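Only one structure is covered here, and it is reproduced in the block below.
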Amino acid sequence: MSEPHVQRALRLGTRRSRLAMAQSGQVADAVRRVTGRPVELVEITTYGDTSREHLAQIGGTGVFVTALRDALLGGEVDFAVHSLKDLPTAQPDDLALAAIPKREDPRDVLVARDGLTFTELPDGARVGTGSPRRMAQLNAYARSHGLSIETVPIRGNVDTRIGYVRKGELDAVVLAAAGLTRIGRIDEVTDFLPVDMVLPAPGQGALAIECRAANTAEDAHLVAALSELDDPYTRGAVTAERSLLAALEAGCSAPVGALADLLGDGQIVKEMRLRGVVGTTDGSTLVQLSTTGPVPETYDQAMALGRELAAEMLAKGAAGLMGERAH
């Protein structure tokens, strides 16, 4: 039953990790539905995948993104899927964020030995995470609740990280709920960390579908087709979170957490609340604030919410807590 005219397959650029492939596969299915065109995955190796250094040392921002963007601009792929939290906050003029689909659970989770929750961890428990943001908040929470933990910097994919717990090298690791959900391993979680305890990374749990800006008729058509997968509430929330991050002049390796969520009574969404945190990795100093405003209807309104909270955090001393500032 072949079609008389089969359109060329759309090429989706993706990182090679199991998580990236799972995320991209799910997006590919959705793109097939909205465009009626076949989609093929094109695997691309990024600097962040090959470097053995800790993310905080290689700068964090953009290390998983540059190679995908180069492939887009070079015409090797038609669109790319990123974890939104990996994207630098400045958007290049020649590329379009065509869609930010509905966000997965933004929370961080614990995978611990013996089914332990965070507060059940024994004194001196070794907790692995590659994120200064998680270290700062976990250490601050432990300090304020009389717990004694040691945060241990780790890298690697989900298998590697959970492997440290399975082999007994660490008592627990902290990961993003969204990633585990997307690869079908959410049942390994022993504790969902409430956002009051650990605010996620700006954009955590959200994906970004990026393509070339609409300079040609074909590119414009693709931007329009992909935009059908956009979720306006998610886009507003992550825009506010990333605006906060940008205004703090922090890269994605900085210890900044942010979450925008919608507040309403019953079915009516009334306001958006944006919470932000920045702290020293040892947890000794934390600046945590929130602001509430009307649900943003435009990109500029969402950006303004983030900038407003960032200004309040900087006034409270946030600048001195971030170590290296991104240039």
Let me know the volume per residue of the alpha-carbon convex hull for the range 146-265, in Å³.
-> 192 Å³
Between the Cα axis of helix 18-35 and the main Cα principal axis of the chain, the angle (0 to 90°, nearest 10) is 40 degrees
Partner lysines for residue 270 [C-alpha distance under 30 Å; skip if fewer than 8 residues away on the same chain] | 85, 102, 316
To one decimal place, what Kirkwood hydrodynamic radius in Å is obtained for the range 102-149 from all pairs of distinct Cα atoms?
-> 11.9 Å
Specify whether the C-alpha gyration tensor of the range 108-192 places it in the rounded, prolate or oblate class, a ≥ b ≥ c being the square roots of the eigenvalues: rounded for a/c under 1.5, otherwise prolate if a/b is larger than b/c and oblate if not.
-> prolate
Residue 169 to residue 192: FRET efficiency via 1/(1 + (r/R0)^6), r the Cβ-Cβ distance, R0 30 Å, to the nearest 0.05?
-> 0.80
When the label point is put 7 Å from the Cα of residue 316 along its Cα-to-beta-carbon vector, which residues of the range 281-307 have a backbone N closer than 16 Å?
-> 283-293, 306-307
For residue 42, the residues 5 or more places away or on another chain with a placed amide H closer than 5 Å to its own amide H are 12, 13, 14
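Hey, got the dipole for the chain? About the Cα centre, +1 on K and R Cβ, -1 on D and E Cβ, debye to the nearest 20? Mind dumping the intermediate values first?
On the way: 34 positive and 43 negative charges, 82 e Å.
So the magnitude is around 400 debye.
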Working from Cα positions, state the angle (0 to 90°, nearest 10) between the long axis of helix 299-315 and the longest principal axis of the chain.
-> 20 degrees
Expressed in angstrom and rounded, the centroid-to-centroid distance over alpha carbons for the range 106-136 and the range 157-204 is 8 Å
Distance in nm between label sites at residue 7 and residue 148, each 7 Å beyond Cα in the beta-carbon direction?
-> 6.3 nm
Mind pulling the angle between the C-alpha long axis of helix 132-144 and the longest principal axis of the chain? Nearest 10 degrees, somewhere in 0 to 90.
-> 30 degrees
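Rounding to the nearest 20 debye, state how big the charge dipole of the range 235-318 is about its Cα centre with +1 on each Lys and Arg Cβ and -1 on each Asp and Glu Cβ. Let's see the in-between values first.
On the way: 7 positive and 10 negative charges, 11 e Å.
With Lys and Arg at +1 and Asp and Glu at -1, about 60 debye.
Expressed in nm to one decimal, what extension gain is obtained for the pair residue 33 and residue 76 from 0.36 nm per residue of sequence separation less their Cα-Cα distance?
On the way: separation 43, 0.36 × 43 = 15.48 nm, distance 2.25 nm.
Difference between extended and current length: 13.2 nm.
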Which whole-Hz couplings ³J(HN,Hα) result when phi for each residue of the range 208-219 is put into the Karplus expression 6.51 cos²θ - 1.76 cosθ + 1.60, θ = phi - 60°, listed in order with x for Gly and Pro?
-> 10, 9, 10, 9, 5, 4, 6, 8, 10, 4, 5, 5
Thinking of the range 235-318 as a set of Cα atoms, what percent of all their pairs are more than 21 Å apart?
-> 26 percent
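Laboratory data are not the source of any read-out in this text; all were calculated from the coordinates shown. Computed from a predicted model, the values in this text were never measured in an experiment. Methodologically, a virtual Cβ is constructed for each residue, glycine included, from the backbone with ideal geometry; neighbour enumeration extends over all protein chains shown.
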